[in-house]
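Nothing in this text is a laboratory measurement; each read-out follows from the coordinates by a stated rule. Predicted model, so just to flag it, every value in this text is computed and none were measured.
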């Protein structure tokens, strides 16, 4: 669902609407804002959509946590 992708990208990235429009296949930056408003409205009415987006966000958070753990440099042991 492209509208949920737009909503997630707007919510979880620092990208501007202009930066999000092209990768989402949208011709105008305002289209991203329109899609995200529609998702906000749909979320207020649909428990199923809320559960779905919460599950997606949990997966994103888990993936980011995994990436963060992998990118940390190894700890050096103290030499005495």
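Taking Cα pairs under 8 Å and at least six residues apart, what relative contact order does the chain come out at, in percent? Before the final figure, lay out each step's value.
On the way: 44 pairs, mean separation 19.2, N = 80.
That works out to 24 percent.
Dividing the Cα convex hull volume of the range 2-71 by residue count, how many Å³ per residue is that?
So the per-residue hull volume is 82 Å³.
Pairing the Cα long axis of helix 29-45 with the longest principal axis of the chain, what angle in degrees results, from 0 to 90 and rounded to the nearest 10?
Roughly 90 degrees between the two axes.
To the nearest 10 degrees, how steeply does helix 47-71 sit against the main Cα axis of the chain, on a 0 to 90 scale?
That helix lies at roughly 30 degrees to the long axis.
Calculated from DSSP H runs of 4 or more alone, at -39500 (n - 2.57) each and per residue, what is the 222 nm mean residue ellipticity of the chain, nearest 500?
On the way: 4 runs with 58 residues, N = 80.
After summing the helix terms and dividing by the residues of the chain, the value is -23500 deg cm²/dmol.
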